[in-house]
Amino acid sequence: MKLNRNFHLLLTGQSLANIGDVLYIVSIIYLIFELTGSATAAALVPFIITSSMFVSNTLTPLLMQRIDLKWLLAVSQMGKTGLLIALALFLPQLTAANLIALFLLISLVALLDGCARPVTQALIPNYVESEQLLKANGVNETVTQLIQTAMWFVGSSLLIWLTAIELVWLTAGLFLLSSLLLSGLDRVDSAVPETQNKWRQITQGWKTVSRTPVLKRIAVMDILETIAGAVWIAAILYVFVSEALAADEQWWGFINGSFFIGLIIGSLICLRFTQWIENNLSRFILTGAIFSSAATVLFGLNSVPAMALFLSVLVGIFSQLKNIPQQTVVQTSVPKEQLPTVFTTLGAIGMGTFGMASLLMGILADLFGIRFVFVFSGLLLAIASWIAYRGRSHFRRTVQG
């Protein structure tokens, strides 16, 4: 089965934007570290981005009621293009004294970027046939993870030939091209009656999630899995490689990369066995949750670098074998017109939880040791597995078509 023109435009446009996002973050972290010599200052970049995207996810429903989804996505990329041009013009004057202005620009870019993922997830069911939905999700996840895996290496390598400011200009060009491609999508109207007040528009997705049994269950699982997933941030993983594995820094990169490779393999399995997975959504969600929990605990207890690579790949594979079918369940749990607010709600939950979880895992690692946080992560995933088991009858298509 072939996926249609709108899906390909959406995938290409968002892929260019995702490439630009990584290149831009690499450039900014490099510039800040070069300017200040402070790892803490550089670490503020992902923190600011996550915080701003949480705010964006919370407020995006207000825009979704006034702008159709296609234009909301395209205009957000146009806005990012303008901000990146402003950033490229500002960076030659960057000093420690005006670092706050840089953080403000980063925050504005993240505010616009925060609506992109939930809007993309809501658009996919509108652009593909129902029987192609799991395949479309698999393709989208495969491409996204490939970009995440490759572009951090490519971005740092490009700094050998280009300055960080030139890399920002390149990113602005990618955002512009993304905007033009997304403008070519067919219109999808998500408007609701104007009688709804702003508070009701903001809370609509939260009410839908709380009143839909499968979405409420998935939201609780997402919270547990997001807290558990915080152990895979670069800082925690670096400490694990150094203290638990007693390995060289290169293993930090190997293990981090192997996790993303696992995600890609999991996506490809979903693409290869689409129909089988489609017919067994609940089994794959449950199996993926159980085995990712077990692999995470074993990873935390392991002391052999080569085995850590293997277990990291397994965590990635089983996480994806759960996540893609679970996303298909979400997309078919309510009518299409409710999906935009549902995805912004789940996105806000994820962003807010991840920001706090990253800090929590760092504190727990200092208090109880680096192995503890991985075992704790595995136990949280085990609880998510139990929730999946108890609600396995809900993990199916509810809304057809």
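The values are calculated or read from the model by the stated rules, or taken from the named source; none is laboratory data. Not measured: the values here are computed from a predicted model. Cβ atoms come from the backbone with ideal geometry, glycine included; neighbour counts cover every protein chain shown. Keep in mind that these areas ignore ligands, DNA and RNA; they rest on the heavy atoms of the full protein, side chains included. Shrake-Rupley method; radii C 1.70, N 1.55, O 1.52, S 1.80 Å.
Exposed loop positions in the chain were taken to be GluC sites (Glu not before Pro) whose DSSP state is not H, G, I, E or B and which have at most 16 other beta-carbon atoms within 10 angstrom. Between these positions, the longest stretch is 195-401. At full extension, ILE363 and ARG211 could sit 51.2 nm farther apart than now, given 0.36 nm per residue minus the alpha carbon distance.
Is it possible to state the helix-based mean residue ellipticity at 222 nm for the chain, with each DSSP H run of 4+ residues giving -39500 (n - 2.57), the sum divided by total residues, to the nearest 500 deg cm²/dmol? What is it? List each step's numbers first, then the result.
Details: 16 runs with 318 residues, N = 401.
Only helices count here, giving -27500 deg cm²/dmol.
Rounded, prolate or oblate: pick one for the stretch 249-292, where a ≥ b ≥ c are the square roots of the eigenvalues of its C-alpha gyration tensor, a/c under 1.5 means rounded, and failing that, prolate if a/b is larger than b/c, else oblate. Because a/c hits 1.5 or more and a/b fails to exceed b/c, the stretch 249-292 counts as oblate. Go from 0 up to the bin containing the longest alpha carbon distance in the stretch 300-401, width 10 Å each, and give me the % of pairs per bin. Going from the shortest bin to the longest, the percentages are 12, 32, 35, 16, 5, 0.
Which percent of the accessible heavy-atom area of the chain goes to carbon and sulfur, probe 1.4 angstrom?
Of all accessible area on the chain, carbon and sulfur atoms account for 68 percent.
Per residue, what accessible area does the stretch 97-160 have, given a 1.4 Å probe and all protein chains present, in Å²?
Computed with neighbouring chains in place, this is 37 Å² per residue.
A dipole drawn for the chain from +1 and -1 charges on Cβ atoms has a positive end, and of TRP169, SER358, GLN93 the residue lying farthest that way is SER358. If you take the Cα centroid of the stretch 297-315 and the Cα centroid of the stretch 325-401, the two points sit 22 Å apart. Spherically averaged projected area of the convex hull of Cα atoms, the stretch 65-116: 3.7 nm². Take every pair of alpha-carbon atoms less than 8 Å apart whose residues are at least six positions apart; their mean separation over the length of the chain yields a relative contact order of 26 percent. Note on the stretch 26-185: Cα convex hull, mean projected area over all directions, 10.1 nm².
Once you sort the root eigenvalues of the Cα gyration tensor of the stretch 201-289 as a ≥ b ≥ c, which label holds: rounded (a/c under 1.5), prolate (a/b larger than b/c) or oblate (the other case)? It is oblate, given that a/c is not under 1.5 and a/b is not larger than b/c.
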